[in-house]
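In what follows, a single structure is set out as structure tokens and then discussed.
The values are calculated or read from the model by the stated rules, or taken from the named source; none is laboratory data. Remember, predicted model here, so these are calculated numbers, not experimental data. For neighbour counting, all protein chains shown are included, and Cβ atoms are generated from backbone atoms with ideal geometry for every residue, glycine included. The accessibility values were calculated without ligands, DNA or RNA, using every heavy atom of the protein model including side chains. Shrake-Rupley method; radii C 1.70, N 1.55, O 1.52, S 1.80 Å.
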Amino acid sequence: MRLKLKDLPEENIFSSGHTACAGCGAAMAIRNIAKVLGKEIIIYVPASCLSVFNGLFPSCAWTVPYHHTVFENTGAAISGLSRAMKRKGLDNVTVVGIAGDGGTADIGLQALSGAAERNEDVIYICYDNEAYMNTGVQRSGSTPHGASTTTTPVGKLMKGKQDFKKDVPLIMMAHSVPYVATASVSFPLDLINKVKKAKETKGFRYLQVYAPCVPGWGYEQSKTVELGKLAVECGMWFLLECENGQLKINREPKMKNLETYLKMQGRFRHMDEKQIAELQESIERKWEFYKGYADLTQRLYSGSEASV
Amino acid sequence: MRRVVGSNYATSHAVMRARVEVIAAYPITPQTQMVEHIAKFINDGIMDCEYINVESEHSAISAVIASQAAGVRSFTSTASQGLALMHELLFSAGGLRLPIVMGVVNRSVGSTGGIWVEYNDSMPQRDCGWLQMYVETNQEVHDMILQAYKIAEDKRVLLPIMICSDGFILSHTVEPVELAEQEEVDGFLPKYEARHSYLDPKDPIASGIVTPREYRQEFAYQIHRAMLEAKDVIGEVNRDFADKFGRDHSGLIETEFVEDAEVILLTLGTVTSTARGVVRELRKKGKKAGLVKVRAFRPYPAERIAEVCKDARAVGVYDRSVSFGVGGPHYLEVRNALFDSDVPVIDFIGGLGGRDVAEADVRSMYDVLLEAAKTGKAKRNIEWVNTRGVVLG
Amino acid sequence: MKEIILHGRGGQGAVLAAQALASAAVFEDKYAMAFPHFGAERRGAPVAAFARIAEGRILTKAHIYKPDYVIVLDPWLAGLVDVAKGMEGHEGTSGGVPMGSVKTDICQGLNKKGAAVLNTARPPDEVRLSLEVCVGTVDATTIALETLGHPATNSCMLGAFAKTTEEVSIGSIEKGIMDVFGERLGEGIAERNVKAAKLGFERTEVGMCSGGREFPAQKKWLPDVDELPPGCAIRSQDTEYGKLGPGSTVQNETGSWRTFHPIVDDEKCTYCMLCWFHCPDGCIGRVPDKESVSVDYFYCKGCGICSEVCPVDAITMVREVEG
Ligand SMILES: Cc1ncc(C[n+]2csc(CCOP(=O)(O)OP(=O)(O)O)c2C)c(N)n1
Ligand code: SF4
Ligand code: SF4
Ligand SMILES: [Mg+2]
């Protein structure tokens, strides 16, 4: 049965009084994801904005067991936690790692890949705010083309990030894990039902959630949800779901209004027509790719739950 | 059961007997056989344990920190580059007070080093909040893995521990080892009961939450104090082990002929065995030579060293690594231990990159010490043993 | 040597202001330094920055404990805003890091002959602090909203500082802003900030405030070595210092961060739950009896998302006023 907003509990797993910026997309994502996951969970958080805004010792926003050590080891740490739960006979407990895009796409990619290859029984959630926000907005592998960050600044010679966004969900699909999905804070029902599905699946589950960041992207703080919607509309973010090898596109993007999306944000304000055209071309190619990938995997894997 | 095995096998057997529940490790020469033996035990069904085939040492230590934080007895092992890769997380294990046991098979790390023994992998880790013990025989490796859990899990300690053994010299040398039976070990090492760190939704704990400056210094002091208390615990556990197994490894240090010794050499690791032979030989010749095998490097038994060396006329320190521009790290510890003594203390750096330390080398160290005892001063404080183009003494 | 503490919120630019102040002093051939409180605070959370100005080289690298001047970028921080509404049942103590909201005594350690420069709409004689002291007041939030479009009050308050203390001239403040803001934010933005500083200088009123106001002592859990849980593994507990461990952020009064607050029109609300879902801070409560929602102002940071996502415009954002 599909979850509705009214089905989510009033009680918080991720408490109020956390210290995320006003309007933080990551906080919006995480507190709702936690509500779907419930109390029988253990959370691992690597170095990230979350590791700071979830409270500093001795305070903590999580009402469930919480573990944190370093930045690049989420995949490994949740593996250790999950095995420990197995030893303790706590089979009903879901181990969940929640990392930023930097901790996922860059420095933590190796540990993530290892855990996925071993098909560890865990949920890995990447909240994607498209840069290293905790350290003050530096570029990550997940930063889109053109975006200005403090390490891809707008200079006289080069303006913004020259490279393109790393497609981590696709990398995860290539690991043939049982469940890979993308979601966005701006599509609540899609998000909570993907979390629910992830919770009900066994093995390695990967979810990447689009989470706008007010200071990092440079927009008016009340626009978090609107930006997320625009991103999906223009193709800067896709809502996808790959179950046992079969890719499904959850929402057809209109593939338009890219400029509206870009102009709302300080990080893209410098972009000229040429750069925008490059970006448009890249997302169109991506969209074609995903359509083809979905068709192909529907044919290849339809009816087969096993052997991905 | 007595079998002729290498130290990697001895370690693996002890880990199995310690009823370790989560292991994550990654292969690296000369530790590789350890991950292989354990995998075989598990696949043969004689060991019941979660084994995580991680993709790096960084992940190995991350995973066992997590499992130990969750309240489950955990083990990892590595060497050299692997230990260097773990470095970042070693501070987490110490900071979170997790009694993880790690088998370190010493090997040189970095460029111009090969795959052979040197302590420049473990020595730089001495400030991470881990206990460090160095061993001399395969039997001792086996016994110390069992003791390590009991030391680390003692509530006065609650710190991770490295059992350091010389690569190849122990790992790839087979010698007779008395391999413990399960009942014996069960009578010595109780099941691990996590009291301070466990992760269970029924009683939620925040483990490792970022700590602001208002608290760090007190946490650091706690670790320092636990490290000091570990000195007693190491001795107690050794006696308990000796009672149950009949093998006494004598705790923090072990001494030979020190009572009336004029010169004393302090060693770490397998060089001790060679030195034992040389000391006996010297004694036969009427030379008053003594030997101290330093077993614990963290905590460092400074008081014991000072006590043992108080009547000596020259003290030598064997170092299998260098703190460049200063001398050997072990030497610095001994200088500190003997801070109020005016006896000459001489550092002997040698055996780097697995270079053999032969009887002749040890003899040359004693020669230098005997000379210093005679003159009352050291010609040089830092000596390089068997180094081409560098004259000793 | 003159020592200055700037109290602000993440995003208001306290650190940048301290640097611009130091730069301004250096334009007057003085020696100066500026440094942040080295925290990990996000936008909106209370932050402090420090500045020192002297004729010759300054040696100390320690924090400032006895400032000659304090500059308060946000009226909440000086205890000038009372949030009575919606606060019932909340205990605003803090386990570890003080949230420094209405409970902070900004005059702590302040030199009696010094001054407090405050962002407030009130004239000096309507301000009551713990100390009877010279104050300069200016409605910097309004000026910032007018000149910059968002409540970054830092530059405006530098103007107010120049006017109140006469330690540096407004001309030097302008140079300092161009130097520091220009480098970081670009010339255009720096120029608008210069304008805000000038307006701040012009509109500041200087006078004496009344004293004797009592602030409850900050309760902070600072246990001795033996009482700290080994390895910082901390379970959920209630102490006289408030809650510790899992779930304890509920005592953090993040409501003190906001400039605007939402008002819900029960008549219009269709109980669709969108604001309930989208509020990043969990401030929207369901009120089934009324088929409407409530706002928990103790936590509400005033982001305005609830108002944006409401499909029937049942939520409006209203500027916070000093109570
Ligand atoms: C090994 C290591 N390198 C660098 C850092 C500094 N660091 C902490 S968080 C962070 C960026 C986090 O970015 P992301 O994962 O995207 O999370 P976000 O802060 O954006 O939420 C960096 C670079 C670190 N903690 N550890
Ligand atoms: S910097 Fe961005 S991601 Fe971090 S707390 Fe603020 S809004 Fe959230
Ligand atoms: S303004 Fe609305 S969405 Fe923002 S914190 Fe307040 S109640 Fe929540
Ligand atoms: Mg990020």
Next item on the list: Considering only segment A:1-35, state which residues are facing another protein chain (nearest Cβ under 7 Å), charged (D, E, K, R) and either within 16 Å of ligand 3 (Cβ to nearest atom) or under 21 Å from the mean Cα position of the chain (by Cα) (or both).
Entry: A:Glu10, A:Arg31
Checklist line | Entirely in segment A:175-236, the helices (runs of 4 or more DSSP H) that have 1 or more residues that are out of contact with any helix residue (DSSP H, G or I) (no Cβ under 7 Å at 6 or more places or on another chain), away from every other protein chain (no Cβ under 12 Å) and away from ligand 2 (no atom under 16 Å from the Cβ) | finding: A:188-200, A:224-234
Next item on the list: Take the residues in segment C:1-38 that are open to solvent by 50 Å² or more (accessible area, probe 1.4 Å) and touching a strand residue (DSSP E or B) at 6+ places or on another chain (Cβ under 8 Å), then tell me which one is nearest to A:Gly23 (Cα to Cα).
Entry: C:Val15
Next item on the list: Among residues belonging to segment C:211-250 that are closer than 15 Å to A:Phe57 by Cβ and more than 14 Å from chain B (Cβ to nearest Cβ), point out the one that is least open to solvent (accessible area, probe 1.4 Å).
Entry: C:Gly242
Notebook entry, point to check: Is it true that C:Glu205 is open to solvent by 70 Å² or more (accessible area, probe 1.4 Å), over 27 Å from the mean Cα position of the chain (by Cα) and more than 10 Å from chain A (Cβ to nearest Cβ)?
Noted result: no
Notebook entry, point to check: Do the conditions hold for B:Tyr119, that is, is it free of Cβ contacts under 8 Å to residues at least 40 places away in the same chain and either buried (at least 24 other Cβ atoms within 10 Å of the Cβ) or touching a helix residue (DSSP H, G or I) at 6+ places or on another chain (Cβ under 9 Å) (or both)?
Noted result: no
Margin query: Step by step: first the residues of segment C:127-145, then only those that are free of Cβ contacts under 8 Å to residues at least 60 places away in the same chain and not polar (S, T, N, Q), then the one that is farthest from C:Gly8 (Cα to Cα). Which residue is that?
Written below: C:Leu145
Notebook entry, point to check: Applying the selection to segment C:283-315, what residues are within 7 Å of another protein chain (Cβ to nearest Cβ), of a type in the set (Lys, Arg) and more than 6 Å from ligand 3 (Cβ to nearest atom)?
Noted result: C:Arg286
Notebook entry, point to check: Out of curiosity, is A:Gly89 surrounded by fewer than 24 Cβ atoms within 10 Å (Cβ to Cβ) and more than 16 Å from ligand 4 (Cβ to nearest atom)?
Noted result: yes
Checklist line | Members of segment A:63-98 that are over 18 Å from B:Ile61 (Cβ atoms) and within 16 Å of ligand 2 (Cβ to nearest atom) | finding: A:Ile98
Margin query: Residues to consider are A:Gly136, A:Gly114; find the one that is modelled with pLDDT under 95 and either over 19 Å from A:Leu262 (Cα atoms) or within 15 Å of ligand 2 (Cβ to nearest atom) (or both).
Written below: A:Gly136
Next item on the list: List every residue pair whose Cβ atoms sit under 8 Å apart, with the two residues 6 or more apart in sequence or on different chains, where the first one lies in segment A:135-150 and is more than 9 Å from ligand 1 (Cβ to nearest atom) and the second, anywhere, is basic (Lys, Arg) and not in a loop (DSSP other than H, G, I, E, B).
Entry: A:Gly146/A:Lys159; A:Ala147/A:Arg267; A:Ser148/A:Lys159; A:Ser148/A:Arg267; A:Thr149/A:Arg267
Next item on the list: Pick out the one residue from A:Ala277, A:Ala294 that is within 25 Å of A:Val180 (Cα to Cα), at pLDDT 95 or above and in a helix (DSSP H, G or I).
Entry: A:Ala294
Check: If you go through segment B:74-108, how many residues are under 23 Å from B:Tyr9 (Cα atoms) and open to solvent by 10 Å² or more (accessible area, probe 1.4 Å)?
Finding: 2
Margin query: Please return the ranges of strands (runs of 3 or more DSSP E) entirely within segment B:158-271 where 2 or more residues are not hydrophobic (A, V, I, L, M, F, W, C).
Written below: B:161-166, B:175-178, B:253-256
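Select, from C:Pro262, C:Pro280, the only residue that is of a type outside the set (A, V, I, L, M) and at the interface with chain A (Cβ under 9 Å from one of its Cβ atoms).
Numbers: C:Pro262 fails: at the interface with chain A (Cβ under 9 Å from one of its Cβ atoms).
Answer to the check: C:Pro280.
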Note to self: Please count how many residues of segment C:233-246 are within 15 Å of B:Thr211 (Cα to Cα) and out of contact with any Pro (no Cβ under 8 Å at 6 or more places or on another chain).
What the structure shows: 1
Checklist line | Single condition B:Leu332 does not satisfy, out of (1) open to solvent by 10 Å² or more (accessible area, probe 1.4 Å); (2) closer than 22 Å to B:His249 by Cβ | finding: (2)
Checklist line | Residue under evaluation A:Val154, criteria (1) within 16 Å of ligand 1 (Cβ to nearest atom); (2) within 23 Å of A:Gln280 (Cβ to Cβ); (3) within 11 Å of chain C (Cβ to nearest Cβ), criterion not met | finding: (1)
Next item on the list: Just give me the residues in segment C:150-167 being surrounded by fewer than 24 Cβ atoms within 10 Å (Cβ to Cβ) and β-branched (Val, Ile, Thr), in sequence order.
Entry: C:Thr165
Item checked: Residues located in segment A:97-115, provided they are away from ligand 1 (no atom under 16 Å from the Cβ) and within 19 Å of A:Ile42 (Cβ to Cβ) -> A:Ala115
Next item on the list: With the checklist (1) surrounded by fewer than 24 Cβ atoms within 10 Å (Cβ to Cβ); (2) within 16 Å of ligand 2 (Cβ to nearest atom) in hand, flag the one item A:Gly102 doesn't pass.
Entry: (1)
Note to self: Which of the strands (runs of 3 or more DSSP E) found entirely inside segment B:1-67 contain at least 1 residues meeting this: under 30 Å from A:Tyr66 (Cα atoms)?
What the structure shows: B:22-24, B:50-52
